[in-house]
Amino acid sequence: MASGNLEKVLRAGRFAVTAELGPPKGTNLGVVERKAGVLRDCCDGINVTDNQTAIVRMCSLACCIHLSRLGLDPVLQMTCRDRNRLALQADVLGAVGSGIHNILCLSGDHQQFGNHPGAKNVFDVDSVQLVQALAGMRDTHRFQSGDEFSGDLPLFVGAVANPFADPVEYRVVRLAKKVRAGAEFIQTQAVFDIPLFEAWMARVRGRGLHERVAILAGIVPLKSVGMTRYMRDYVSGIIVPDAILTRMENAADPKAEGVAIAVELIDALREIPGVRGVHIMAVGWEDIVSVIAERAGLMPRPLI
């Protein structure tokens, strides 16, 4: 079966780079094209978020189809919040039929945090069950119901991990469930505390999970002191050490300092056994991804 660029890079044993693209709050595909242009040469796959933070945006599937037509390798994010198993499986068929191979399975941010707090959630399946359903569809050519469908389904199935969320002792157990369900790559929550992440990776290696799934560590470039404090105080599962906050507070140019911190984090992550890549989430700052990749020695990206 055909495979996408991200899967080829990881299966070749290369250190992968993925980045995140936020769809527009409107109908202008030119926004997607502009962001795609700045990400094209600095990453192996481009995640397209699915109503991130429960705020309505152009759908991930439409944006991914457009990226695929532009010759890029999109990662379709699918949340369990908004669709039941019929809609999820239907979207998977449409995605593969449109040349999309990578799907990242997420629960989704609760709607109370977004711009439609009164919306009904769905959660017909959870993210582990979605991983299992997609892997089963790929391997058996059957829907979750057991009915057969026609055509190949060359999926590269991914999931997310939050190494620092409470209860911390459960994090590796949940990762193991996703790997058993069929996850082939994992993108983590943003990493700022390297020693804590190293301890999590030691537990991952202790279970042999690093040999069964490709782990891409999350990187969020910091733009300002305010953003740093917000992530420290209000974003679940993110631990920002005091030393990083102090650096941002004392920086003459906080954006430049944020880039320097991101590069240092990537350098440290590359030394941790079992880390197979990084996922750069430059929220509304896609232009900086190529700068970070260049300074971290991650350019040019391999052609496979």
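The values are calculated or read from the model by the stated rules, or taken from the named source; none is laboratory data. What you are looking at is a predicted structure, and each value in this text was computed from that prediction instead of being measured. Using ideal geometry, Cβ is built from the backbone for each residue, glycine included, and neighbour counts are taken over all protein chains shown.
General remarks:
Residues checked against (1) among the hydrophobic types (A, V, I, L, M, F, W, C); (2) within 17 Å of the chain's Cα centre (by Cα):
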{"residue": "MET227", "(1), (2)": "yes, no"}
{"residue": "TYR234", "(1), (2)": "no, no"}
{"residue": "LEU265", "(1), (2)": "yes, no"}
{"residue": "ILE280", "(1), (2)": "yes, yes"}
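- Reported count of residues in the stretch 133-179, each being among the aliphatic types (A, V, I, L, M), in a loop (DSSP other than H, G, I, E, B) and either modelled with pLDDT of 95 or more or buried (at least 20 other Cβ atoms within 10 Å of the Cβ) (or both), is 2.
- Contact map, the stretch 229-244: first residue touching a residue at least 60 places away in the same chain (Cβ under 8 Å), second residue assigned to a helix (DSSP H, G or I) and surrounded by 10 or more Cβ atoms within 10 Å (Cβ to Cβ), Cβ cut-off under 8 Å, separation 6 or more or different chains; pairs are ILE238/MET231; ILE238/ARG232; ILE239/LEU196; ILE239/ARG232.
- Taken over the stretch 1-24, the criterion of being modelled with pLDDT of 95 or more, in a loop (DSSP other than H, G, I, E, B) and either more than 16 Å from the chain's Cα centre (by Cα) or within 15 Å of ARG69 (Cβ to Cβ) (or both) is satisfied by ALA12, GLY13, ARG14.
- Counted residues, the stretch 225-269 - those being in a loop (DSSP other than H, G, I, E, B), over 19 Å from GLU20 (Cβ atoms) and not hydrophobic (A, V, I, L, M, F, W, C): 2
- Residue within the stretch 103-124 that is touching a Pro at 6+ places or on another chain (Cβ under 8 Å), surrounded by 20 or more Cβ atoms within 10 Å (Cβ to Cβ), not in a helix (DSSP H, G or I) and not hydroxyl-bearing (Ser, Thr, Tyr) present: no
- The lone exception for ILE100 - which of (1) crowded, with 23+ Cβ neighbours inside 10 Å; (2) in contact with a helix residue (DSSP H, G or I) (Cβ under 9 Å, 6 or more places away or on another chain); (3) closer than 23 Å to ASN162 by Cα it fails: (3)
- Among all positions in the stretch 41-58, there is at least one residue which is of a type in the set (Gly, Ala, Ser) and at pLDDT below 95.
- The one condition in (1) over 18 Å from the mean Cα position of the chain (by Cα); (2) outside any loop (DSSP other than H, G, I, E, B); (3) of a type in the set (A, V, I, L, M, F, W, C) that LEU130 fails to fulfil: (1)
- Filter result for the condition that a residue is in contact with a strand residue (DSSP E or B) (Cβ under 8 Å, 6 or more places away or on another chain) and either free of Cβ contacts under 8 Å to residues at least 12 places away in the same chain or among the basic types (Lys, Arg) (or both), over LYS178, LYS255: LYS178
- Of all the listed residues (VAL259, VAL263), the sole one being touching a helix residue (DSSP H, G or I) at 6+ places or on another chain (Cβ under 7 Å), closer than 27 Å to ARG205 by Cβ, modelled with pLDDT of 95 or more and surrounded by 14 or more Cβ atoms within 10 Å (Cβ to Cβ) is VAL263.
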